[in-house]
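Bear in mind these aren't lab numbers, they're just calculated from the coordinates by the rules spelled out. Bear in mind the structure is a predicted one, so any value in this text is a computation, not a measurement.
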Amino acid sequence: MSACGFPVDVSAISGHAKLITSKVGGGDEVWYNSGDGRFYVTGRDASNVQQLGVIDAEDDTLIQTIPVSGILPPIGTALTAGRNPAAFPENNRVFVDTPVTAAIVGGTKTDDSTCTKFGIVGRGCIAVYAHSGDEDDDR
């Protein structure tokens, strides 16, 4: 679950909570993908860059983080970054919405979202992430 700004594992039996990692924030939502046995979460890292965190559900270890935006504005201002991950277990694709602000649409702020890597500027997109190569390859 997302708690206190970081992903946390909470035992339904004992109620004991364990911090999984502080390398990625807790975001709005933590998603469990039954297809690959991983949790996905989005949140800021220590450098204020929004990340998609990939966590092994079996042993609560952080597998990797993937940047989903440039440097973000201060907390409390409009977010132009990936958030709310969701996964499709049949093919292990992970979807992350990437909204833009009115300032980006109006041209007064540069769009530094993941969408621009694919020629989509000022509109936002849904970024799709997948395992590459071998099923155990985590790139």
Checklist entry - Once the piece of chain linking I126 and A46 is laid out straight, how much longer is it, given 0.36 nm per residue of separation minus the C-alpha distance between them? => result 26.4 nm
Checklist entry - Cα centroids of the stretch 109-129 and the stretch 37-69: how far apart, whole angstrom? => result 20 Å
